[in-house]
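Structure first, commentary second.
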Amino acid sequence: MRSNRKNHLFIVLLLNPLGATLAQLLECPFGWGVNAKLIQIPPDQINDGYCDCPISGLDETETNACSGSTQWPGIHANTASTLKFHCPGQPQLQIAVSKVQDGICDCCSGADEAQGVCQDICDEVLAAERQEAERRLHAFREGSLIRKKELASYSKLREKTARDLEVERGYVTSLESRLNDAKDQLTQWKIKRLEQRLVQVKERTAKIATDPEIGILNGLSTDELSWMIVHACQTAGEMQAMFPLEEKDAKFSGNSKDTDSTTCVPLRLAGLDAGLIWESTTYKPKFMNEAVDKILLAELLDFNLQHIDSPVWTQKTLDKGSTHSSKLQRRRLTEVDPENEEGEDLDDNDADSKPRRDPSRDSSKHAKKYEQEERRLQLEQLILGQPFSLSRVALRQKAEKVISLIDAMKETAEGGANMTEDAEETGNSDPGPMIDPVPLPFIRNKLDDRRRVIQTGLDYAVSAKVLMDELEASNPPDFRAVLQSLLIGTLIHENLSFLQFWELLANVVPELQTADEDSKICKIHITCPPSTIRRNSVAIPSMEILKAVEEACIGLLQHAQQSCVVEDKEDALPGDIPNGYGGFYVLNGRDEIDLFHAILGDLTLVDNDETKHERDELSASISTLETELENLQSKISDMVDLVDGGNDGSYGPDGELYSMKNSCHSIDSGKYTYKLCLNDSATQSEGGSGGTNLGKWDGASVDNDGTRVWKWTNGAKCWNGPKRSATVRVTCGIENQIISADEPETCRYVFEMESPIACDESYRLKYGLPTLE
Ligand code: MAN
């Protein structure tokens, strides 16, 4: 060991010129117990690879010689890394001191070994190194030019963009105000339409209702008008349940196929036509000239004009209806929110006749529901007690009777079958009465169906009664006019025929109710032939209606009598349940030859070509401006991004990554093609198809030795391993290109890439390259 000292000292002095001065002062403890003393270490024995201070290790802090001493923990990594042997003529090559004098030639000159051990191969080796150095220098020259140019153009662009940004922001303000103006125009247009319709409907309904010649509601009391509205809704519910939407043209008889729907839609629409809506939870009426927002009413009307088969009448449903699909629009008419598993009621318009829930759950909400249910039942009883409901009650009773008969027969039949089996066992051969059971379920279903029709009618009627009661309680200034307008509106939107109207009238005006026992025997609930009365010299019904009903009655009576005869023949079980069974008819709404078509047809809720065109134009200019604004905002956001050097600083120092923003780079390696996209994702594909996700762009950073590192993380999970990730280390080069790909650990991918952006000062220093003018 000692013989090597000279050589080693050379190393120390070379690497640490201060070492000798410090070492001159070095004293260290030596020996133990009574023999302990301080010894002085001469400079040539410091870091000579021989441990003179075994207790403290102070003389060999840069070698491993004192490793294991009691006080010195061993050579420190940082110190070790600085302790290198420099090969003369090879500035890039530094070798660990342990490789000096180890018998292996590391330096091309052989300077790391004793003289004569190695051959000098520097000419050969340095030529290759020189070539590499030249290549590096060339790349650096070119690359750093490109880098400078790109940085300069980014910086110029950035300044310009910062200036432009102010201008663009000014455009936003003006676009926004133009957009607001356009929206305002559309709103004003809708309000104008609303006002026009209100005036039109008011004039027309007043005429239809009270014209001395043709008025159809002349002479009626407010109570009668109110009950006619309730029964009109009952009719609407029955039509809705009896004839599902596709089977009839009637648009507004509560037109959702959803039988859960219990709100009397025609009445709600009639309300809008009268400038009136009912508050969504208390059903207190709000008139437009009082509390109702004109804009809301205009929006509702306009929406309904455009969506005649799925109208709305509250803000909430308007919002749903206008922004969502028809599926959601349909839900609007449903009492129970299908997304709510609890089956809670929608707290808007649809609860006016229901809920019909189990009241046993003990929250105040449910107590309230219980109260509502009580109220509903009371109203239902009240409605069932009206003359209009007589045929419904009769049909219900008849249906119950027949159904219990069918059930009893079924039991007997089953019992009989059992008995037959028993009889076989016991030898009793009497099989009992034989009944053909085939039509029974059919009849039973039809009767159930009829009961459902009646119940839907009742639900609608209850819904209307709730609204009527609240309306009356609110004591509106011209109650009669409001009722007339609501009734006419309901008839319009329900698509009611004159004959159905006559049925309402005949059942609510006591003097018109027939005392003709025959018609009761025939169980016809349409009052045929019509009677007529006069109140204060006003004819009820109007002459026009009387005439039309008289004509219609001729055919109806014939049909009714026939069915009476058929029914009477049947002792117990009917063979079929036609419409009109038991005297309960559900009539189709009006058609184009109906008297009411001529009277009410022009007030039906439709959008005509002209108004459609006007709205389309206004809407189009709004959407043009919206698109323009959206584009401008996205442009501005890109500009801000540029000025800010990438909103999250993602363009790196001096915005050097800007020129590479969103660029993709590929390399084929083995059977895979790798594609790395900045600000996006990295993929691995095989045979040109598909692509395994190696991760999403996770940003750029610089590691300890100044190398740029880009990362993609959170890729597709590796089977039994981590999520895939990719790392790129970027070095100086003239072009942007990936030069190597590797997967050193399963699903962890590393790449080397060349790019001009890495040709910077730190690269120059790292490789000791000359400065460029
Ligand atoms: C695929 C490729 C490979 C990866 C394995 C891991 O074959 O993504 O790179 O090593 O999955 O199962």
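Just a few scattered comments:
- Failed item in (1) under 28 Å from Q240 (Cβ atoms); (2) among the β-branched types (V, I, T); (3) in contact (Cβ under 8 Å) with a residue 60 or more places away in the chain, with I622 passing the rest: (1)
- Which listed residue is among the charged types (D, E, K, R), surrounded by fewer than 20 Cβ atoms within 10 Å (Cβ to Cβ), modelled with pLDDT under 95 and in the same structural domain as I757 (by TED's automatic domain parsing), from D644, D703, D638: D703
- Qualifying residue in region 99-122 (condition: of a type in the set (D, E) and part of a helix (DSSP H, G or I)): no
- Among the conditions (1) surrounded by fewer than 16 Cβ atoms within 10 Å (Cβ to Cβ); (2) more than 16 Å from the ligand (Cβ to nearest atom), S755 misses just one, which is (1).
- Only listed residue being within 16 Å of the ligand (Cβ to nearest atom), surrounded by fewer than 22 Cβ atoms within 10 Å (Cβ to Cβ) and more than 41 Å from the chain's Cα centre (by Cα), chosen from S740, S725, S762: S740
- When restricted to residues that are of a type in the set (V, I, T) and open to solvent by 40 Å² or more (accessible area, probe 1.4 Å), region 605-633 contains 3.
- Scanning region 583-625 for residues that are aliphatic (A, V, I, L, M), within 39 Å of the chain's Cα centre (by Cα) and either at pLDDT below 90 or assigned by TED's automatic domain parsing to the domain that holds L267 (or both) returns L603, L605, V606.
- T731 more than 16 Å from the ligand (Cβ to nearest atom), open to solvent by 10 Å² or more (accessible area, probe 1.4 Å) and either modelled with pLDDT under 95 or of a type in the set (S, T, Y) (or both): yes
- Pairs, first of a type in the set (D, E) in region 35-58, second in a strand (DSSP E or B), C-beta under 9 Å, six or more apart: D52/C28; D52/F30; D52/I39
- When the residues of region 679-694 are filtered to those that are modelled with pLDDT of 95 or more and within 12 Å of the ligand (Cβ to nearest atom), the one that is farthest from R748 (Cα to Cα) is S685.
The values are calculated or read from the model by the stated rules, or taken from the named source; none is laboratory data. Worth saying up front: this structure is predicted, and the values here are computed from it rather than measured. All Cβ positions, glycine included, derive from the backbone under ideal geometry; neighbour counts span all protein chains shown. Ligands, DNA and RNA are stripped out before the accessible areas are found, and what is left, the full protein with its side chains, is counted by its heavy atoms. Shrake-Rupley method; radii C 1.70, N 1.55, O 1.52, S 1.80 Å.
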